[in-house]
1. Just to be sure I understand the filter: pairs with C-beta atoms under 7 Å, separated by 6 or more residues or on different chains, first member in segment 178-198 and not assigned by the TED database to the domain that holds Leu162, second member open to solvent by less than 70 Å² (accessible area, probe 1.4 Å) and modelled with pLDDT under 90. Which pairs pass?
2. On the given criteria, is Thr41 touching a Pro at 6+ places or on another chain (Cβ under 8 Å), farther than 22 Å from Phe134 by Cα, in contact (Cβ under 8 Å) with a residue 24 or more places away in the chain and open to solvent by 30 Å² or more (accessible area, probe 1.4 Å)?
3. Which of the numbered conditions does Gly66 fail, given that it passes all the others? Conditions: (1) in a loop (DSSP other than H, G, I, E, B); (2) open to solvent by 50 Å² or more (accessible area, probe 1.4 Å).
4. Since Val100 meets every condition but one in (1) modelled with pLDDT under 90; (2) under 20 Å from Leu14 (Cβ atoms); (3) not in a loop (DSSP other than H, G, I, E, B), which condition does it not meet?
5. Quick check on my filter: what residues within segment 170-193 are more than 15 Å from Asp122 (Cβ to Cβ), open to solvent by 10 Å² or more (accessible area, probe 1.4 Å) and not in a loop (DSSP other than H, G, I, E, B)?
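The values are calculated or read from the model by the stated rules, or taken from the named source; none is laboratory data. It should be emphasised that the depicted structure is a prediction, and the values quoted were computed from it without experimental measurement. No Cβ is skipped: glycine too gets one built from the backbone with ideal geometry, and neighbour counts run over all protein chains shown. Ligands, DNA and RNA are excluded from the accessible area calculation, which covers all protein heavy atoms including side chains. Shrake-Rupley method; radii C 1.70, N 1.55, O 1.52, S 1.80 Å.
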Amino acid sequence: MSTENTAQSYRVVLVDDHAIFRSGLKADLASDMHIVGEAGTVEEAIAVITETKPDVVLLDVHLPGGRAGGGAEVLKNCAQLLGSTKFLALSVSDAAQDVVTVIRAGARGYVTKSISGEEISDAVRRVAAGDAVFSPRLAGFVLDAFGSSTAVSDIDEELDLLSDRELQVMRLIARGYSYKEVATELFISVKTVESHVSNVLRKLQLSNRHELTRWAVDRKIL
């Protein structure tokens, strides 16, 4: 089930050095995705993102040009836009170093090119809303890369606030699963998942899924 909201459209820039891939992706994206620019190199990406100031940038990790810094170099040169423009890495690579590098540079998520146009569109909506989005197996790389400064006793106290089911839901959501994927994994309804997520955010005093992911990563409990 898609989270598309027909009352809202999303201004998106596509950054990939393969024009054929960009054309195919444009055709596959949902109707609420409005492509306002495209780029195939680091320099082109920085220029079009700065000019158009989109809601979301779909950013390939490996790009020609610049100082060979790829997507991470684009992010560093667009740092002033990170508050209003969200960056979602979209790459054929699922290498841990690639994932960690762009997340450290400011990307709000990382998905592989193997996912469908509908799934990418849903990821764009979620990132635009402030969530962190990862292809499920990639979240562990982020967990391994970021240390924790939170005391174990504090973690235990916070986790004691959650029921066993809420813990299960929290871990899956923090790994980047959609509500539908969590429902399928745990054999419960999407509405039940939504209820559990609401309870988790309230109990942990968090505002959204992005904060929940950071909370879980900081405590190494994914």
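1. none
2. yes
3. So Gly66 meets the others, but not (2).
4. Only one criterion is unmet by Val100, namely (2).
5. Arg171, Leu172, Glu185, Leu186, Lys191, Thr192
For every residue, the table says whether it meets (1) farther than 23 Å from Tyr179 by Cα; (2) open to solvent by 60 Å² or more (accessible area, probe 1.4 Å); (3) out of contact with any helix residue (DSSP H, G or I) (no Cβ under 6 Å at 6 or more places or on another chain); (4) in the same structural domain as Leu138 (by the TED database).
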{"position": "Gly24", "(1), (2), (3), (4)": "yes, no, yes, yes"}
{"position": "Asp28", "(1), (2), (3), (4)": "no, yes, no, yes"}
{"position": "Ile35", "(1), (2), (3), (4)": "yes, no, no, yes"}
{"position": "Ile49", "(1), (2), (3), (4)": "yes, no, yes, yes"}
{"position": "Val61", "(1), (2), (3), (4)": "yes, no, no, yes"}
{"position": "Leu75", "(1), (2), (3), (4)": "yes, no, no, yes"}
{"position": "Ile103", "(1), (2), (3), (4)": "no, no, no, yes"}
{"position": "Val111", "(1), (2), (3), (4)": "no, no, no, yes"}
